[in-house]
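Shown next, in structure tokens, is the structure this report addresses.
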Amino acid sequence: MDTVDLFQRLGLALAIGSLIGIERGWQEREGPSGSRVAGIRTFALIGLLGGVWGAMFDQIGALPLGLAALGLAIGLTAFEWRLSIAENKLSATGLVAGLLTFALGAFAVMGNMAAAGAAGVAATALLAEREALHNFLKRMTWPELRAALLLLAMSFVLLPVLPDRAIDPWGALNLHLLWLMTILIAAISYAGYIATRLAGPRRGLLYAGAVGGLVSSTTVTLVYSQLVKKQPALAGQIAPGIIASWIVSLLRMASLASAIAPPLFAPLALPIIGASLLLAAVGFFFDRRAAHTLEPPPLDLANPFEIGEVLRFGLLLAVIMVAAKLLLNGFGASGLLPLAAVTGLADVDPITLSVSRMLGVSLTPAMGGLAILLAGAANLVTKAAVAVGVGGLRHGVPLAATAAAAIALGAAIHFFVVI
């Protein structure tokens with residue numbers, strides 16, 4: 001490598017060490033001088049040390065680099081051991097963080113700079129979220145842990161052996177792709193589920209509703225509407241959280257479709273953004289008008305990694321994939337629209353995945369985007385109906401009017417701007 005490239009890589013090694021060192025120093029900032037094993041300067045030097053050894057790898061080989069890492073491990077272990085005796089506590093975090101910083105410093109010089117930088121940021125985030133992660137583990141139930149571990153095991157064991165080809169006469173069911181998409185949706189929903197558990201009920205109705213929208217905005221609408229039914233005077237305070245979950249659900253639908261089939265971004269972006277901005281404006285109005293005195297209720301969200309939930313979604317997705325293929329073959333692209341409207345009443349994910357998979361083979365981006373938008377509109381109708389039916393007219397009618405306005409605006413943008 002040339003001199004400029006070497007300096008850039010050494011700079012990245014130093015930056016990684018400094019970033020981890022800032023987090024380590026901040027965690028121990030209240031300690032007296034001389035009580036900290038390693039802070040920003042030490043970790044910055046460890047990162048640079050790894051970079052220097054990585055730069056010398058071509059000249060000295062692997063053995064000296066390994067011995068340098070071993071020497072660092074022995075030194076850090078000795079300091080951590082003395083600290084554990086002095087403070088009467090055990091922790092290997094500092095030792096692991098030091099060795100990881102050295103390794104990332106070497107990798108920044110010897111390997112992929114983007115990967116090294118991303119790993120450094122990820123490591124810092126894990127270190128910084130110590131309390132939140134510990135609290136989450138305290139609250140995690142055994143069924144949640146068992147379900148996640150079982151699904152991960154099934155994915156890594158089952159996915160590689162599933163046939164990556166169509167197994168039905170219509171060419172619609174690819175078991176490998178079907179399982180992969182099922183796990184993808186479960187993983188996205190589980191991220192929202194974990195975020196809701198980490199945040200707890202004290203972060204506010206608005207935040208809880210928005211995060212809950214990653215899992216199920218229909219569930220958020222139902223739970224919050226049940227609260228309004230018990231206390232009708234709280235309708236104005238509950239509405240912003242429900243609307244936030246609707247916005248997140250729409251953005252999640254469009255992001256998922258665009259990630260799987262990038263050509264869908266063009267027909268989806270403007271209608272979804274327009275509808276989301278209108279919903280945000282109404283939610284902001286409700287939020288400003290409401291008094292923030294209510295303790296938010298817990299969101300009773302189903303664990304999306306439960307085997308029953310995953311199999312249910314996988315079966316529904318398989319049925320919709322076959323139905324979509326048959327309708328497409330029999331009636332052309334317009335045959336998808338009734339299917340999208342009907343299935344969207346219950347869940348937008350299956351039709352979104354089916355349309356994204358068929359795009360470019362037998363479906364144009366314009367028609368695919370219209371089918372997904374129709375499913376999203378149908379889903380908004382369902383949630384508005386839930387708000388009215390469960391929460392009553394005072395609570396539900398303003399939300400239903402907001403949903404209708406968002407659907408109308410999205411349709412207008414689609415038909416008069418996008419097309």
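Given the residues GLN226, GLN237, GLN231, which is the only one that is surrounded by 17 or more Cβ atoms within 10 Å (Cβ to Cβ) and farther than 17 Å from VAL355 by Cα?
One residue alone meets the criteria, GLN237.
Does LEU363 fit the bill of being surrounded by fewer than 21 Cβ atoms within 10 Å (Cβ to Cβ) and in the same structural domain as THR221 (by TED's automatic domain parsing)?
Values: surrounded by fewer than 21 Cβ atoms within 10 Å (Cβ to Cβ): no; in the same structural domain as THR221 (by TED's automatic domain parsing): yes.
In short, no.
Quick one: which helices (runs of 4 or more DSSP H) lie wholly within region 337-419 and hold at least 3 residues that are at pLDDT below 90 and within 22 Å of GLU309 (Cβ to Cβ)? If you could, list the steps in order and put the result at the bottom.
Details: elements: 349-358, 365-391, 393-413.
Correct list: 349-358.
Checking LEU299 against (1) among the hydrophobic types (A, V, I, L, M, F, W, C); (2) crowded, with 16+ Cβ neighbours inside 10 Å; (3) at pLDDT below 65; (4) out of contact with any Gly (no Cβ under 7 Å at 6 or more places or on another chain): exactly one of these is not met. Which one?
Answer for LEU299: the failing condition is (4).
Within region 160-202, take every residue that is at pLDDT 75 or above and charged (D, E, K, R) and give me the one that is nearest to the chain's Cα centre (by Cα).
Here the residue is ASP164.
Answer with yes or no whether GLY344 is surrounded by fewer than 17 Cβ atoms within 10 Å (Cβ to Cβ) and of a type in the set (Gly, Ala, Ser).
Spelling it out, it is not the case that GLY344 is surrounded by fewer than 17 Cβ atoms within 10 Å (Cβ to Cβ) and of a type in the set (Gly, Ala, Ser).
Return the residues of region 147-161 that are under 13 Å from HIS176 (Cβ atoms) and free of Cβ contacts under 8 Å to residues at least 12 places away in the same chain; say none if nothing qualifies.
Within region 147-161, PRO160, VAL161 meet the criteria.
Assuming VAL157 fulfils every condition listed in (1) modelled with pLDDT of 90 or more; (2) not assigned by TED's automatic domain parsing to the domain that holds TRP81 apart from one, which condition is it?
(1)
Take TYR224 and decide whether it is modelled with pLDDT under 80 and among the aromatic types (Phe, Trp, Tyr).
Considered against the rule, which asks whether it is modelled with pLDDT under 80 and among the aromatic types (Phe, Trp, Tyr), TYR224 comes out as no.
The values are calculated or read from the model by the stated rules, or taken from the named source; none is laboratory data. Every value quoted in this text rests on a predicted model; they were computed, and no experiment measured them. FYI the Cβ positions are ideal-geometry reconstructions off the backbone, even for glycines, and counts take in every protein chain you see.
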